[in-house]
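Asks: What follows is a single structure, and I will ask about it in a moment.
Here, each number is a calculation from the coordinates, and none is a lab measurement. Because the structure is a prediction, the values reported are computed rather than measured. Cβ sites come from the backbone with ideal geometry, for glycine too, and all protein chains shown count toward neighbours.
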Amino acid sequence: MIEQVQIDRPVEDRAGRSSEPAARAPGESRARVLAALSFRNISAIYIFIGLFVIFSIWVPDTFLTWGVWRSMFATQSLNAIVAVALVLPLAAGLFDLAVGAEVGVAGVLVAWFLTKGGMPIVPAIVLTLIAGGVIGTVTGLLVVRAKIDSFIATLAMSSVLLALTDWISSSQQILGLGSSFQSIATVSFLGLTLPVWFMLALGVVVWYILERTPVGRRVYATGGNINAARLTGVRTTRVIIGTLAACGVMAASAGVLQSSTIATGDPTIGPGFLLPGFAAAFLGSTQFRGGRYNVWGTILAVYVLATGVTGLQLAGAPVWIPSLFNGVALLLAVALAKSERGARRAGAIRRTIWRGRSPSSEHPVPTSSAGA
Amino acid sequence: MDEVSLLAVRHLSKSFPDLRALDDVSFDLAGGEILAVVGQNGSGKSTLVKTLAGVHEPDPGASVMVRGRELVQGSGTLEPGGLHFIHQDLGLVAMLSTIENLDLTRVQGRGRDFLPFRKRDERSRARTLISRYSAEFDVEVPIAQLSPEQRTIVAIARAMDGWRRPDEVLVLDEPTAALEGEEVERLFTAVRRAAEHGAGVIFISHRLDEVMNLAHRVLALRDGRVVADVSTSEVDHSALVRAIAGREVTIHQRVKGRQGLPVLSARGVSGGTVKSADLTLREGEIVGLYGLLGSGREHLGGLLFGAVPRSSGEIDVAGRRVDIHEPKDAIARSVAFVPSDRHRDGAVMDMSMRENLTLPMLSPLVTRAGALRSGAERAEARTWAERIELQPSNPDRQLQLFSGGNQQKVVLAMRLRTEPVVLLLDEPTQGVDVAAKAALYKLIDSATEQGASVMVSSADARELTLICDRVLVMRDGYVAAELDREHLTEEALVAGSLGLT
């Protein structure tokens, strides 16, 4: 239960307190709180604390300055938006490998609307977001109507979108977006830039929908067992199209913010968002909810990875270190989650990956362990 | 048994952090003997198999000997070899062919793993192996394209392939769970043949009747302990049930309810294996559906619910023509359906009992802001957990952590909570133990008292004679016969399904 976990509290002083008003045995609620605070449940928080301590000692002069953190929050907010966008289809059991290309096409599209299209900022952004929704809907229709596995449909869609990106931009950077458009990504409130606040707001909305509404329940049910969901009356086609469309809109918003940040419609930035987004969503699924894709675990994963990378960069590590750190961290986190008895914490990843391979069954026929 | 028995298990225990799954289990198995291991879900049957197969490590102090040779190694795990297994799901890889599946368990010589297969030899070898069970089919198509019966033969052939001597130990873990009448017989014939050649067979099963027919001895487990180890000639059915359940489980013959008005009527529906079926379900009655696999019985429920595509026919619910194409159309008319395979179709196993329970009908739990009222949901989940006697009674536990019987109770409760007018049940008690069966029958009965009309499709003739007001017998895609309360016997059902009336 994510709602019971106070993300930034220390461990010991909460251990004895009941986290739920309901009439439960004190021993049980104590066990629940301990479980919620266990390393396995929130390993990312403990890793964050560890990283923070290490780099505070190692490079205190730079690591402990607000400017470093402010810039890290700002630069990672787009990765976080893409990762949150991915949580929805992943929770519904779908891969959206086109998410990077969706960011890329939105980035040049909004730039094209502003320059060649000569549009004001608001309609240009709205049209770009709509385009993102349309792309997601088309992908959803390919999955639902043409019955193409989401892994393949989105992989193909990704290639089509890359072509579209190059066509719109003529493979050139689109410049001259105007200073007011540029200010969207740079304006800040209370010390944090607009994209950070937008990312947090998006997180709250997606969290609310997934965890608190019937829609979210149906999304998780579709991802958990699409046959059972359909037979209990869940309109799984709507869930599939809806999550992919929502993912498309959110990815498009990341594209708009990216173009604003660099004041350029750059046709090459899209694919770079794909792997960090999936890494964070996978990592996030091992946090808090014990094997369910979830928003706060995902956002946390983005920033824990970023903290490690930032610290290493400040300590003067070579340029290839961040990629290595990200890869190793993902492998370690998922392997740790899998080593747990029953391996349920890594269950979300296993399920999504299995779905594509054996469409007929949630339970693939296991190989024999016959001892002949 | 003073001479060295084929398999001797002594003081076998297996503890998990929160549970002692096996508690000092000891038994012997002689060559040529068929030993049935029975028990409820969670009694330790599967743990026993997994421990023998080397999947679980037994607690210290255990001894497992094959022909006097100790299998328990220093580290505690069992050395593989000497025991052969057919697992619950047959353990075949659906995408591989018969030849490839047979190869999976073959021990290759050292360093030969990378040498190419000799294709022609392999093919003729596979054909020879399956021909031992008087079968002949294409050994090069994927297993997925074979019939369940053919798959069973592949599994048997594989388990009995490469025996160094005829008296080895064969362990079958609920091999009949997915099989129907004739396929079960075919499997039994193969098992008996192996025993006649001197093999010792351990047969794990839920179905008591078949155990009594097949086995020489019965070993009953309850809570991980051996509660009975007797020859089948000395034990009677009710004594065995008592030993398994630990108390007398009585399944009362259903008292005929009042005959209400027709609620669902179908004319000429076809689709799947159903060629054309007419039927009427009345308020408050339980109608059984019996027939062999392929008779249409297995598809009629799904057809009426819209889960199986319907090619023709008309369906009226409560006197009004309804257009059912998809499950949601049927659900909108208060028709509910419990599919036969609860893992594949029945519930979302990695969601909690509470989330599953409310999934089919979330609208009463929604606030004006569109959020779920979690307090009300929890309260409702607790009420239902009590009503269905959920064990353990924790609605927030993941459904897959419950025993099969409890899972099935939840699958049924999900549907009952929506107060359906028509309740279609496909194999509602498949793979659950006696006590859970009794509880499920009680729940079904209570639904009819509230006016629902129920259709139960089952391969278990005895079950249908106990719980139904009347039974429709299907054959070759048609409703071939109808038996009412007075004429309802197991013999009549079986005869009807075979066309021997």
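Asks: Tell me the trypsin sites (Lys or Arg not before Pro) within segment B:133-203 that lie in a loop according to DSSP and have at most 12 other beta-carbon atoms within 10 Å.
Replies: Here the sparse-neighbourhood loop sites are B:Arg164.
Asks: If you average 1/r over all unlike Cα pairs in segment A:76-303 and invert the result, what Kirkwood radius do you get in angstrom?
Replies: Across segment A:76-303, the inverse of the average 1/r is 17.4 Å.
Asks: Here's a follow-up. For the protein assembly as shown, what does -39500 (n - 2.57) per DSSP helix run (n ≥ 4), summed and divided by total residues, give at 222 nm, in deg cm²/dmol to the nearest 500?
Replies: -14500 deg cm²/dmol, from helical runs alone.
Asks: What order, most packed first, do the peptides B:374-386, B:211-223 have when packing is the mean number of other Cβ atoms within 10 Å of each residue?
Replies: For the peptides B:374-386, B:211-223, the packing ranking is B:211-223, B:374-386.
Asks: Once amide H atoms are built 1.01 Å from N in the peptide plane, which residues 5 or more positions from B:Ala228, or in another chain, come under 5 Å H to H?
Replies: Here B:Ala220 satisfy the definition.
Asks: Compute the orientation-averaged projected area for chain B from the convex hull of its Cα atoms and round it to one decimal in nm².
Replies: 26.9
Asks: Also, quick follow-up: Within a 10 angstrom radius of each residue's Cβ in A:230-242, how many Cβ atoms of other chains show up on average? Whole number is fine.
Replies: Taking all residues of A:230-242 together, the mean is 5.
Asks: Considering the Cα positions of segment B:368-501, please state its Rg to one decimal place and its Dmax as a whole number of Å.
Replies: When restricted to the Cα atoms of segment B:368-501, Rg and Dmax are 17.7, 62 Å.
Asks: Past 21 Å, Cα to Cα: identify those pairs from B:Lys45/B:Lys437; B:Lys275/B:Lys328; B:Lys50/B:Lys437, in the order given.
Replies: B:Lys275/B:Lys328; B:Lys50/B:Lys437
Asks: Per-residue Cβ counts within 10 Å, from other chains only, averaged over B:45-58: what number is that?
Replies: Taking all residues of B:45-58 together, the mean is 1.
Asks: If r is the Cβ-Cβ distance from B:Arg132 to B:Ile251 and R0 is 30 Å, what FRET efficiency results, to the nearest 0.05?
Replies: Computed FRET efficiency for B:Arg132 and B:Ile251 comes out at 0.15.
Asks: Sticking with this one: Determine the relative contact order of segment A:76-303: mean sequence separation of Cα pairs under 8 Å and six or more apart, normalised by residue count, in whole percent.
Replies: RCO, segment A:76-303: 43 percent.
Asks: On to the next question. I'd like the distance separating the alpha-carbon centroids of segment B:84-101 and segment A:44-112, in whole Å.
Replies: 45
Asks: Any chance you could check the Cα centroid distance between segment B:214-233 and segment A:123-170 for me, in angstrom?
Replies: 62
Asks: Determine the shielding of peptide B:362-372 by partner chains: average, over its residues, the number of Cβ atoms on other chains within 10 angstrom of each Cβ.
Replies: 3
Asks: Report, to the nearest 10°, how far helix B:119-131 tilts away from the longest principal axis of the Cα atoms in chain B, using its own Cα long axis and a range of 0 to 90°.
Replies: Roughly 70 degrees, rounded to the nearest 10.
Asks: If you average 1/r across every pair of different Cα atoms in segment A:143-215 and take the reciprocal, what Kirkwood value do you get, in Å?
Replies: Roughly 16.4 Å, rounded to one decimal.
Asks: Separate question: Which far-off residues, 5 or more places away or on another chain, put their amide H under 5 Å from the one on B:Ala452, with H placed in the peptide plane?
Replies: Under 5 Å from the amide H of B:Ala452: B:Gly284.
Asks: While we're on this one: Please list, by residue number, everything in segment A:100-116 whose backbone N is under 20 Å from a paramagnetic label point 7 Å out along Cα→Cβ of A:Ser170.
Replies: A:105-116
Asks: Let me ask another. Residues with amide H under 5 Å of B:Leu264's amide H, sequence separation 5 or more or different chain, H placed in the peptide plane at 1.01 Å from N; which?
Replies: Counting only residues 5 or more places away or on other chains, the set is B:Leu281, B:Ala318.
Asks: Please identify which residues in segment A:219-259 have an amide N closer than 18 Å to a label point set 7 Å out from the Cα of A:Val160, following the Cα→Cβ vector.
Replies: Those under the cut-off are A:240-249, A:251-252.
Asks: With 16 Å as the cut-off, how large is the P(r) tail for segment B:286-391, expressed as percent of Cα-Cα pairs?
Replies: Beyond 16 Å sits 69 percent of the P(r) for segment B:286-391.
Asks: Still on this model: Using the Cα atoms as the points, what is the convex hull volume per residue of the protein assembly as shown in Å³?
Replies: Enclosed volume per residue, from the Cα hull, is 208 Å³.
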